[in-house]
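For reference, the structure is listed below as structure tokens.
The values are calculated or read from the model by the stated rules, or taken from the named source; none is laboratory data. It should be emphasised that the depicted structure is a prediction, and the values quoted were computed from it without experimental measurement. Cβ coordinates were reconstructed from backbone atoms using ideal geometry, including for glycine residues, and neighbour counts include every protein chain displayed. What goes into the accessible areas is simple: the full protein's heavy atoms, side chains included, and nothing from ligands, DNA or RNA. Shrake-Rupley method; radii C 1.70, N 1.55, O 1.52, S 1.80 Å.
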Amino acid sequence: MEKYEHKYGADQIQVLEGLEAVRKRPGMYIGSVSVRGLHHLVYEIVDNSVDEALAGYCKNIYVTIEPGNIISVEDDGRGIPVEIHAKTGISAAETVYTVLHAGGKFGGDSGYKVSGGLHGVGASVVNALSQWTEVTIQRDGGIYQMSFERGKTVKKLEKIGDSDKTGTKVRFLADDTIFETLEYEYDVLEKRFREMAFLTKGLKITIEDKREETPKKAEFCYEGGLKSFVEYLNKTKEKLHPQPIYVEKVNNDIPVEIAIQYTTSYNENIYTFVNNINTIEGGTHLEGFKRALTKVFNDYARNHNILKEKEPNLLGEDIREGITAVISVKVKEPQFEGQTKTKLGNSEVTGVVQSMVNESLSNFLEENPSVAKAILEKCISASRAREAARKARELVRRKTALEGSTLPGKLADCSSKNAEECEIYIVEGDSAGGSAKQGRDRKFQAILPLWGKMLNVEKSRADKIYNNDKLQPVILAVGAGIGADFDITKIRYGKVIIMADADVDGAHIRTLLLTFFFRYMRPLIENGNVFLAQPPLYKLSKKGMEDIYCYTDEDLAREYKKLEEKGIAREQLALQRYKGLGEMNPEQLWETTMDPEKRILVQVQLEDAMKADEIFSLLMGDEVEPRRNFITENAKYVKNLDI
Ligand code: 28G
């Protein structure tokens with residue numbers, strides 16, 4: 001007995017140390033303690049239910065946001081095992097909730113126990129970062145329950161009743177001493193669970209928000225899997241063929257599922273997932289898919305004399321114009337690379353996806369010649385447009401060779417030629433552009449004012465974009481080309497900074513530019529070269545006091561409080577609210593928004609650009625209805641996104 005007690009104690013200490021580490025450095029385990037990290041907690045728990053569904057035992061998942069931002073997740077799987085581990089005296093269920101990475105160590109029953117959101121750290125991390133957690137398990141004829149506070153067991157697993165059902169239910173309240181906010185965003189969770197339901201054919205996920213008087217609720221269940229996903233993505237688009245092309249296969253122990261449908265759009269929309277994680281940076285699975293797609297369509301075009309002997313092959317980008325595709329692979333030991341660890345690195349996956357797409361897509365085209373013809377006609381017209389774009393580009397080059405300058409007339413360039421230290425401010429409006437030109441440090445800061453008509457990137461191919469009076473100066477100033485020609489080593493500025501007002505027009509120009517960079521200069525975003533300037537919203541001033549600039553409403557409230565503590569009342573202060581950049585004189589603009597010592601720059605992430613692109617497609621697409629719906633439903637969202 002004595003010995004057992006001692007051993008139990010030692011283990012328990014080790015356990016607590018593990019979870020203490022999570023509380024000390026939460027960012028290491030869930031990415032951040034912002035609202036994003038908060039949502040991660042929910043994903044971690046739901047992922048465990050999805051794993052149980054992938055193992056073939058769970059059909060339904062219910063997620064509820066209860067009043068007070070308590071999250072409840074319930075599944076009808078087998079229930080976490082409850083038996084007591086002989087050595088430690090701790091139940092299997094408690095171990096899952098108190099030992100770091102327990103989920104991973106126990107893996108091997110579903111085989112792909114690596115899903116766990118972006119970080120795959122599991123239930124114990126959620127437990128560690130929650131004020132309290134309560135787990136209820138139904139299995140072996142009983143109902144069992146245990147509870148925790150900030151990761152520490154306060155009620156060990158005990159049987160509290162009988163039941164002939166099975167399943168797991170988890171309720172938790174995130175820790176407000178760790179997270180910046182506990183306010184879940186229903187729309188964000190809804191989007192993720194819809195996506196998860198698409199990715200797990202037949203699984204029903206219900207989400208309910210009970211925080212308000214009138215609860216919100218949605219149910220997602222798709223028997224069609226990725227086929228349904230692509231139909232959903234293309235809902236408002238004009239399709240080139242009625243049914244998505246769909247393949248599902250296990251090759252070399254790697255399950256691959258792909259759905260493809262072409263639309264009349266000029267964009268490429270390929271979403272890739274590894275173990276249900278959205279790999280926004282792509283990777284080896286995407287590489288294999290692209291290679292096969294290019295080869296299959298070129299081979300078909302040659303064999304059916306659609307491409308003549310003398311004509312060159314179609315390029316990958318020609319063949320991907322207008323494509324909507326979703327690729328989902330399951331990999332046992334995925335290696336995630338890239339800036340945000342969302343790029344698949346496993347080299348064996350390329351060949352697996354490639355050979356599968358090669359085989360199934362070429363069969364499909366042979367069996368569906370009319371679909372093949374419709375797609376290839378579009379590819380060929382894309383390749384012609386690409387030729388036209390090249391000519392447009394060369395025309396610009398030749399013209400500039402004659403006239404001597406490659407740079408747009410409105411650009412006020414900087415004197416340094418060392419791209420690394422150089423910055424370009426892209427500024428909406430001539431008056432703000434004027435202030436920026438006067439206020440800047442001309443050694444390393446260039447100013448490009450933007451004017452002209454907003455271009456519908458949605459309805460334009462590269463040739464039109466090259467000739468667009470709003471975007472052409474941006475292309476020339478950045479100096480690295482666009483599309484497949486884009487060469488990041490040629491960029492003339494290390495920082496490309498979008499400076500626009502905090503109003504609707506400003507949001508418009510930000511959305512346009514981010515969409516443009518996303519589609520035509522993506523490496524610039526991936527490489528972290530794109531930034532948003534943050535002009536202040538308010539200025540507080542008083543005679544004899546240095547002006548105070550506030551960038552948010554919270555900032556303003558904080559400054560008021562600080563000044564009050566110093567004995568300066570609100571009434572003594574003059575408050576100026578800036579409606580636009582144009583209201584600031586050059587010195588103010590420098591001081592608040594351009595001085596590297598004082599300014600706030602927000603680095604644009606690939607995800608921000610993707611969201612901008614999504615919003616732009618909806619705002620600028622053909623159909624009026626989705627646009628109106630989107631604007632009314634998402635007015636708040638568009639604002640919050642700060643794009
Ligand atoms: C409701 C919120 C979150 C879960 C299960 C089911 C099992 C399980 C979970 O086992 C450790 C690994 C294999 C035994 C597995 C039940 C096998 C047999 C499970 C969840 C120990 C974890 N019976 N359902 N974990 N196993 N749902 N939902 O967490 O060897 S977690």
Assuming R0 = 35 Å, can you tell me the calculated FRET efficiency for the pair ILE600 and GLU238, based on Cβ-Cβ distance, to the nearest 0.05? 0.25
Per-bin percent of Cα-Cα distances, the stretch 278-409 [10 Å]: 11, 31, 25, 21, 10, 1
Simple spin-label model, 7 Å along Cα-to-Cβ: SER347 to THR177 in nm? 4.9
Length gained, GLU421-GLN576, 0.36 nm per residue minus C-alpha separation, equals 52.5 nm
Sites ALA569 and LYS391, calculated FRET efficiency, Cβ-Cβ separation with R0 60 Å, nearest 0.05: 0.35
Greater than 32 Å apart at Cα, pairs in LYS341/LYS561; LYS308/LYS490; LYS341/LYS490; LYS237/LYS579; LYS543/LYS598; LYS210/LYS332: LYS341/LYS561; LYS308/LYS490; LYS237/LYS579; LYS210/LYS332
Over the chain, average the accessible area per residue using a 1.4 Å probe and give it in Å², no decimals. 47
In whole Å, how far is the Cα centre of the stretch 84-99 from that of the stretch 566-583? 59
Give the carbon-plus-sulfur fraction of the accessible surface of the chain in %, rounded to a whole number; probe 1.4 Å, heavy atoms of protein chains only. 49
By the gyration tensor of its Cα atoms, with a ≥ b ≥ c the square roots of the eigenvalues, what is the shape of the chain: rounded for a/c under 1.5, prolate for a/b over b/c, or oblate? oblate
Would you mind listing how long the stretch 219-355 runs along its three principal axes, going by Cα atoms, in whole Å with the largest first? 45, 36, 29
For VAL250 and LEU315, FRET efficiency with R0 = 35 Å and r from the beta-carbon atoms, rounded to 0.05? 0.65
Within the stretch 136-243, trypsin sites (Lys or Arg not before Pro) in DSSP loop having at most 10 other beta-carbon neighbours inside 10 Å: LYS165, LYS235
Averaging 1/r across every pair of distinct alpha carbons in the stretch 416-554 and inverting yields a Kirkwood hydrodynamic radius, in angstrom, of 16.2
Check: the chain dipole with +1 on Lys, Arg Cβ and -1 on Asp, Glu Cβ, in debye: 1480
Give the whole-number value, in cubic angstrom per residue, of the convex hull volume spanned by the C-alpha atoms of the stretch 180-253. 159
Using only Cα atoms, locate the centre of the stretch 524-562 and the centre of the stretch 192-225, then give the distance between them in Å, rounded to an integer. 39
Pick out, in residue order, every one of the chymotrypsin sites (Phe, Trp or Tyr not before Pro) in the stretch 420-483 that is DSSP loop and has at most 16 other C-beta atoms within 10 Å; say none if there are none. TRP451
Answer rounded, prolate or oblate for the stretch 489-543, using the Cα gyration tensor with square roots of eigenvalues a ≥ b ≥ c: rounded when a/c is under 1.5, else prolate when a/b is larger than b/c, else oblate. oblate
Can you give the Kirkwood hydrodynamic radius of the stretch 28-70 from its Cα pairs, in Å with one decimal? 11.8
Among the helices of the chain (complete DSSP H runs), which have Cα atoms covering no less than 27 Å along the helix axis and a Kyte-Doolittle mean of at least -0.5? 35-54, 348-367, 369-403
